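Trainee: One structure coming up, written as structure tokens, with questions to follow.
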Amino acid sequence: MTQAPAGAVLSAQTVPIPTFSSALAFRDPLVNGVASLPNLDSSLLPWLSVTVCKVTGSACTTLSTLTGAAGQITLDKDGVTYVTSWAAGKSGVTPGNTVRISVSVGTLLVSSYTLGIEKNDRTAGNALVAINPSRTLPIKVQIQKNPVIRAYFLKAAGQTATQIAQAIRTEFGVAADVTGQILKNLNFTSEDTAAALKTVFTLTDAQNADVLFRVDYTGTQTARALNTVYGLSDLANATLLKAVGYGVTAVSTALQSVYALGDAANAAVLKTVGFVATDIASAMKVVYSLADLATGTILKGLGFGADAIAGAMKVVYALTGAATGAVLNALSFGANAITGALSSVYSLGGQAIGGILQGLNFGADAITGALSQVLSLNADVIGGILKGVGFGADAIAGAFKTVLGLSAGAVTTILNGLSFGATVIAQTLKDVFFLPADAVAALLKGVGIDITGITTALKTVFNLGADAVGGILKGLGFGLNLITGALSSLFSLSNDALTGILKGLGYGAGQIATALQTVLSLTSDVTGGLLKAAGFGAEAIAGALSTAYGLAGDAVATLLKGLGFSAGDIAAALKSALGLGADVVGSLLKALGFSAQDIANALKDLFSLSSDALEALLGGLGFAADVISDIICFFFC
């Protein structure tokens, strides 16, 4: 037979307990030449058993069980060696089989010995083992006194946990934590173990809690023991459970099981003993199966802020920033608190937070305040965020005016930078700042909006006519050409109406003529007609046409006659506007077909002509002597 190593197996344990497998020694014939062990225990006979089994793979089929209680195990004549015999030959084993001999005290497997059956029928130590039916194998063991073996013996004998603890402490000087582990391995309840430790070692509640934790009693088992043995309240119990190392779920479960606490009361105790929001949320989810909002409600009721609750929602419920924002909103946290939580817990930027807040139906004012006060964003950035999440110019301007205290000018600059059109900006300035048209136009020009945009805004938003718009544009310093183009194109004015408006704005004939020629490409005769229709006289028209179109005297005179002006009007215009002398004016008038009398009437007083000068001028123009004589007599006789 060949020996193979074997040993006892215990349940999982944290506190190391004294070894006990080495406290047992197999004697000859199984093992030869082993010295006798010291401090032997001869009291175990009633609870001692020897089991022989046949090993097949991982299984071991029992062949025989021998017990002291049945008289199958006895003490040898030395009084310290336990002896029994196994009828090997009757067991059916054959060479090549393997058997295991196991020795137990009560339920404790102390040690075992594995043998291989060989053809020479001898053990490895040459002790003869006959395997025929008439032969038996003597089995002899010695067992030292050992606290673990003693505890199992006493448990089998029906002693209580306190009795066992007292016995192994008295006999072996076992420490409290080792005693606790042994008692747990003996399947004593936590209450029995705690009571034993209190009685035998006079442990305080905190000391006892520490031992119970270290020997792997659950939180609920430990709490029940502390409540039963020390009469601890829920808070005192939870304090000790946390102090010795139990996690929040274990503590919460204990409070629910031992004290029948509801979720809110449980959470309150957990907070009092120092668990943070994330811990408490985890307990509420695991122990009470609470949803995110229910847990959030409890956390807020305990005084946790938005940041702490957001952290719990993220860690425990794996919520997104938007989902957490919805929970915080449902808990009546404001935009500032939600913004701070989403920024610190989820590291979200202003745009993302603005979108979440807008989705939660916070208005532009609330969002502006949060982004400014919590994230320290400037108005330009906030404006971009607000527009990006769908707010219009009115809402943005209102928020900037109310929350940030911005002026209309500052708001105009921001709205223009956000690419809102002139008309939209104008409407906003009217609605939010209650500005009149001229003030709005000035602000629009100040941010670089062109005359077309301003004109359209004034027409659309303020329902102004062309004359009123023209006046505002002129007051803003826009040139006549620009004003002419804007009024003409955006109001669909006729040339007559346009010319009249320009005159009404105080522009002179020359300015108007230049604008009509430059902007509308009107011809001189058309422009002349428009000027006359607008009420300008011949002199003004003559000067305007000369300046705008570069016309000479004859062309100007022809246009004026075509416009129906008299010889006197034309003569005065040619003299005043073009600086022509009497003889030139006279020749131009004659060329236009005016009579000698018309010419004389036009020139005499205009040029202060004497009778001789007038006679000479008319003669020079080729009029007949008798005609001239009659005219001279008409004026001077």
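Trainee: So how many residues does the stretch 486-526 have that are polar (S, T, N, Q) and more than 60 Å from the chain's Cα centre (by Cα)?
Mentor: 8
Trainee: Could you identify the single residue in LEU203, LEU226 that is closer than 13 Å to TYR246 by Cβ, open to solvent by less than 60 Å² (accessible area, probe 1.4 Å) and at pLDDT 95 or above?
Mentor: Within the list LEU203, LEU226, the selection yields LEU226.
Trainee: What residue, of LEU418, LEU435, is in contact with a Lys or Arg (Cβ under 6 Å, 6 or more places away or on another chain) and farther than 22 Å from LEU487 by Cα?
Mentor: Exactly one residue qualifies, and that residue is LEU418.
Trainee: Counting just the residues of the stretch 405-433 that are of a type in the set (S, T, N, Q) and not in a helix (DSSP H, G or I), which one comes out farthest from the chain's Cα centre (by Cα)?
Mentor: Only one residue fits best here, namely SER407.
Trainee: Another question, then. Looking at the stretch 232-245, I want the residues that are closer than 15 Å to ALA265 by Cα and in contact (Cβ under 8 Å) with a residue 24 or more places away in the chain and have a partner that is among the charged types (D, E, K, R) and buried (at least 20 other Cβ atoms within 10 Å of the Cβ) with Cβ atoms under 7 Å, at least 6 apart or on another chain. Which pairs are those?
Mentor: Going by the 7 Å Cβ cut-off, there are no qualifying pairs.
Trainee: What do you reckon, is PHE434 at positive phi and either out of contact with any helix residue (DSSP H, G or I) (no Cβ under 7 Å at 6 or more places or on another chain) or at pLDDT 95 or above (or both)?
Mentor: yes
Trainee: What are the residues in the stretch 308-329 that are in a helix (DSSP H, G or I), small (Gly, Ala, Ser), open to solvent by 20 Å² or more (accessible area, probe 1.4 Å) and closer than 18 Å to ASP279 by Cα, if any?
Mentor: Of everything in the stretch 308-329, just one residue is in a helix (DSSP H, G or I), small (Gly, Ala, Ser), open to solvent by 20 Å² or more (accessible area, probe 1.4 Å) and closer than 18 Å to ASP279 by Cα, namely ALA308.
Trainee: Somewhere in the stretch 51-65, is a residue more than 60 Å from the chain's Cα centre (by Cα) and at pLDDT below 90?
Mentor: Looking through the stretch 51-65, none of the residues is more than 60 Å from the chain's Cα centre (by Cα) and at pLDDT below 90.
Trainee: For the list (1) part of a helix (DSSP H, G or I); (2) open to solvent by less than 30 Å² (accessible area, probe 1.4 Å), I need the number of the one condition that VAL174 fails.
Mentor: Among (1) part of a helix (DSSP H, G or I); (2) open to solvent by less than 30 Å² (accessible area, probe 1.4 Å), VAL174 violates only (1).
Trainee: When the stretch 474-486 is examined, which residues are found to be under 12 Å from TYR507 (Cβ atoms) and assigned to a helix (DSSP H, G or I)?
Mentor: Correct list: LYS474, LEU480, ASN481, ILE483, THR484.
Trainee: Which condition from (1) buried (at least 18 other Cβ atoms within 10 Å of the Cβ); (2) within 28 Å of LEU377 (Cβ to Cβ) is the one that ILE454 breaks?
Mentor: Single failed check for ILE454: (2).
Trainee: Got a sec? Which of GLY506, GLY500, GLY448 is under 23 Å from ALA538 (Cβ atoms) and in a loop (DSSP other than H, G, I, E, B)?
Mentor: Sole residue among the options that is under 23 Å from ALA538 (Cβ atoms) and in a loop (DSSP other than H, G, I, E, B): GLY506.
Trainee: Hey, another quick one. Would a scan of the stretch 529-542 turn up a residue that is over 22 Å from GLY506 (Cα atoms) and more than 60 Å from the chain's Cα centre (by Cα)?
Mentor: Within the stretch 529-542, not a single residue is over 22 Å from GLY506 (Cα atoms) and more than 60 Å from the chain's Cα centre (by Cα).
Trainee: Can I ask one more? When residues of the stretch 570-610 are filtered for being of a type in the set (A, V, I, L, M) and part of a loop (DSSP other than H, G, I, E, B), how many remain?
Mentor: 3
Trainee: Can I ask one more? Name the residues in the stretch 134-155 that are within 28 Å of THR189 (Cα to Cα) and among the basic types (Lys, Arg), would you?
Mentor: Listed by number, the residues that qualify are LYS145, ARG150, LYS155.
Trainee: Does LEU232 satisfy being in contact with an Asp or Glu (Cβ under 7 Å, 6 or more places away or on another chain), over 30 Å from PHE362 (Cα atoms), assigned to a loop (DSSP other than H, G, I, E, B) and not acidic (Asp, Glu)?
Mentor: Against the criterion (in contact with an Asp or Glu (Cβ under 7 Å, 6 or more places away or on another chain), over 30 Å from PHE362 (Cα atoms), assigned to a loop (DSSP other than H, G, I, E, B) and not acidic (Asp, Glu)), LEU232 qualifies.
Trainee: I've got another one for you. Check LEU606, LEU621 and return the single one that is surrounded by fewer than 20 Cβ atoms within 10 Å (Cβ to Cβ) and within 21 Å of LEU559 (Cα to Cα).
Mentor: None of the others qualify; the one that does is LEU606.
Trainee: Say we look at the stretch 372-417 and pick out the residues that are without any contact (Cβ under 8 Å) to a residue 12 or more places away in the chain and at positive phi; which of these is least open to solvent (accessible area, probe 1.4 Å)?
Mentor: GLY405
Trainee: Okay, moving on. What number of residues within the stretch 492-505 are of a type outside the set (A, V, I, L, M), open to solvent by 40 Å² or more (accessible area, probe 1.4 Å) and in contact with a helix residue (DSSP H, G or I) (Cβ under 8 Å, 6 or more places away or on another chain)?
Mentor: 4
Trainee: Still on this structure, please answer the following. Sort out which residues of the stretch 194-229 are assigned to a loop (DSSP other than H, G, I, E, B) and more than 42 Å from the chain's Cα centre (by Cα), and write them in order of number.
Mentor: THR202, LEU203, THR204, VAL215
Trainee: Out of everything in the stretch 29-42 that is farther than 19 Å from THR114 by Cβ and surrounded by 16 or more Cβ atoms within 10 Å (Cβ to Cβ), what residue ends up being modelled with the lowest pLDDT?
Mentor: Ranking the qualifying residues of the stretch 29-42, first place goes to LEU37.
Trainee: Filter the stretch 141-166 down to residues that are over 16 Å from PRO46 (Cβ atoms), without any contact (Cβ under 8 Å) to a residue 40 or more places away in the chain and surrounded by fewer than 23 Cβ atoms within 10 Å (Cβ to Cβ), then give me how many there are.
Mentor: So the count comes out to 4.
Trainee: Please work out if ALA591 is exposed (fewer than 15 other Cβ atoms within 10 Å of the Cβ), hydrophobic (A, V, I, L, M, F, W, C) and closer than 19 Å to SER546 by Cβ.
Mentor: Taking the combined requirement at face value, the residue satisfies it.
Trainee: Okay, next question. Being surrounded by fewer than 24 Cβ atoms within 10 Å (Cβ to Cβ) and either in a helix (DSSP H, G or I) or at pLDDT below 95 (or both) is the filter here, so list the residues in the stretch 235-246 that pass it.
Mentor: Answer for the stretch 235-246, where residues must be surrounded by fewer than 24 Cβ atoms within 10 Å (Cβ to Cβ) and either in a helix (DSSP H, G or I) or at pLDDT below 95 (or both): LEU235, ALA236, THR239, LYS242, ALA243, VAL244.
Trainee: Checking the structure you have, find out if any residue of the stretch 247-270 is touching a residue at least 40 places away in the same chain (Cβ under 8 Å) and in a helix (DSSP H, G or I).
Mentor: no
The values are calculated or read from the model by the stated rules, or taken from the named source; none is laboratory data. Keep in mind the model is a prediction, meaning the values are calculated, not measured. Backbone-built Cβ (ideal geometry, glycine too); neighbour counts: all protein chains shown. These area figures cover heavy atoms from the full protein model, side chains too; ligands, DNA and RNA do not enter into them. Shrake-Rupley method; radii C 1.70, N 1.55, O 1.52, S 1.80 Å.
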